[in-house]
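Here's the structure we're looking at; comments come further down.
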Amino acid sequence: MSAEASAARDAGTFTPSLSPDQQRQLAERITVFLSRYRHLSDSYRIEFFTEDLWHSLPSSWQAVLQDLSYPQVADLLLDVTHGDRSYPTAWPLSLLAFRATAHALAFPRECRQERGRRAGSVKPEERQQNQSQSSLLDHIFRKHVKPKKQYEIHRLGMLVKQLCELTDCSRVVDVGSGQGHLTRFLSFGLGLSVTAIEADPALVAMASKFDEQLLSVLEKEKQKKNVSSQLPASLSPPRHVAGWVNPKALWEVFFKQLSTAECSSEGHPTPSGPGTKRSWGSEQHQGSSSDSTDCPRSQDLESSSEHQPSKNESGEQLGPENCCSRPQPVCQEERHPHENSLRDDPDFILTGLHACGDLSATLLRHFVSCPYVRGITSVACCYMKITTEENPTPSGPVEPPTPPTPGQESVPSEFGYPMSSWVRGLSGHQLSYRAREGACHAVEDYVQRLREESEQLRIHCYRATLETFIRDKRPDLRRAGIQTIKKAHLLPFTEYARLGLARVSLPPELPLDPERVEAMLKQQGRVVVYSSLALLLAPVVETLVLLDRMIYLQENGVDSQLVALFDPNFSPRNFVLVALKHRE
């Protein structure tokens, strides 16, 4: 079986994983569970000393947890797959129930294709022979692409290709396409017709530059008669659009972005010559494809530094309304003789690889509302950037509001979470910024650090200790952002404190009581245990966010499947939400 066929097979058959009743029951159980342990999910480990977090745990938990080694914490608390648990002392039933319930309520994160890999390996099978490259991705698609991204674009690309085959649809729209890595693989590698949308013009320019480089390489290989068998016979460049997908806009506005790009884009040279105008239905683009976002990934959140709640996050209120009409887009440009009109066959597959915050929710709403979107593959990230009723405008760059065009209506105010009416109606469904930010951390990576007894774990206690001295001097300065201090775990605490104090505009030579410092640093094990208890809830929070989206789709008449497409050891945000709409 070819690698492509294997990847497509592993993606699943796109049948619902859970029945609608099971989805609702699971959501209800999760909200009850998270409500009970909100004090854990909402706590910040940097406040371990200032808020006396250790003593917020039941005394029976404290007694059995405080002397655990780091590998024991990994095996007895966090690793759901660990079978042989040897307890140094008898654990209270409440703690056993907490761990078992957290594991049972979370969606399984194990990637099916990686289940048979050799024991102890944290790298996907395709990278076990070559540590820096994907063996399944042709060399022309690996240039400028980090190994993690190589792995992701190959697996997601094959899944998108499978959706195209199931829906008899050859067009793909990739939102948040970044430098166009996935776009190029879909287009040049898999023969799909792709339009890529990216808000950052600099990334769009970079994507176009990389496209040109790839075309140049292909031309040279053709001349050598050494074209890779991975490439389709007909090649066509993707279309790149610099544009922001407004979460407040109706789907018609989003669709207009696409049709406008199809009419006016003057992208790369094509077989019919440079600068040729291309419409959506152009024959020369029937063999093209797309790529997904280069945005902050989970590993950005999984560093040893703490992440503070922002006060104005990106992502605005969203929610396109359902619309029964199918407006016929019109392109005024002169078409190539062989081109078809957008109105002839406007359907497409929507994809987003690690689309940040509300962007994933926005794409799901467009999928539901827009009659032209036949399928979607949604890989989310940055849950802390999702808008909620309690935090409708998280901090971050937000597109300046533009006045609506005449006759254009905006959508009702809706948030990134919850999307479904069912979850919105559950008591205790609210997820704080801290809980959603915690859901972006990598459990598998932390388990590995615990088993290796990594010195980087020291930073948790360093930062919590420093917080006490910052509060002593500035009681109003809570959870100030220090950002990453290079190789902080190798520094003595006094040097770490000197660098950290300067970053919050406090005197670097602020006197530190050495006895007090020593007493707190001795509690490093407790800080790590408490962090692990909170991290145990992270997959449960992520499950509720994704489950809410599945229920939203079901409420709108669309079944979906959640696939653990990536190996979580390598790509922590590894779930892809897959949904198809049947032709009416």
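The values are calculated or read from the model by the stated rules, or taken from the named source; none is laboratory data. Only a predicted model underlies this, so the values are computations on that prediction, with no experimental measurement involved. FYI the Cβ positions are ideal-geometry reconstructions off the backbone, even for glycines, and counts take in every protein chain you see. Just the protein is used for accessible areas: all its heavy atoms, side chains included, with ligands, DNA and RNA removed. Shrake-Rupley method; radii C 1.70, N 1.55, O 1.52, S 1.80 Å.
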What are the residues in segment 31-49 that are of a type in the set (S, T, N, Q) and either touching a Ser or Thr at 6+ places or on another chain (Cβ under 6 Å) or part of a loop (DSSP other than H, G, I, E, B) (or both), if any? S43
Which residue out of L491, L499, L537 is of a type in the set (A, V, I, L, M), under 27 Å from L68 (Cβ atoms) and open to solvent by 30 Å² or more (accessible area, probe 1.4 Å)? L491
What number goes with the only condition from (1) under 29 Å from L250 (Cα atoms); (2) at pLDDT 90 or above that D445 does not pass? (1)
Is there a residue in segment 555-572 that is out of contact with any helix residue (DSSP H, G or I) (no Cβ under 9 Å at 6 or more places or on another chain), small (G, A, S), free of Cβ contacts under 8 Å to residues at least 60 places away in the same chain and open to solvent by 10 Å² or more (accessible area, probe 1.4 Å)? no
What is the residue count in segment 50-68 for residues that are part of a loop (DSSP other than H, G, I, E, B) and either touching a Cys at 6+ places or on another chain (Cβ under 6 Å) or buried (at least 21 other Cβ atoms within 10 Å of the Cβ) (or both)? 1
In segment 474-521, the residues that are in contact (Cβ under 8 Å) with a residue 24 or more places away in the chain and β-branched (V, I, T): I482, T484, I485, V504, V517
What number goes with the only condition from (1) part of a helix (DSSP H, G or I); (2) surrounded by 17 or more Cβ atoms within 10 Å (Cβ to Cβ) that P71 does not pass? (2)
Among the residues of segment 168-219, how many are open to solvent by 10 Å² or more (accessible area, probe 1.4 Å), part of a helix (DSSP H, G or I) and among the polar types (S, T, N, Q)? 3
Inspect all residues belonging to segment 83-102 and state whether any of them is β-branched (V, I, T), in contact with a helix residue (DSSP H, G or I) (Cβ under 8 Å, 6 or more places away or on another chain), assigned to a helix (DSSP H, G or I) and open to solvent by less than 40 Å² (accessible area, probe 1.4 Å). no
Checking the condition among the charged types (D, E, K, R) and open to solvent by 50 Å² or more (accessible area, probe 1.4 Å), which residue from D548, D513 passes? D513
How do the pairs read when you match residues in segment 197-224 that are under 30 Å from V253 (Cβ atoms) with residues anywhere that are assigned to a helix (DSSP H, G or I), using Cβ under 6 Å and keeping only pairs 6 or more apart or on different chains? E198/V204
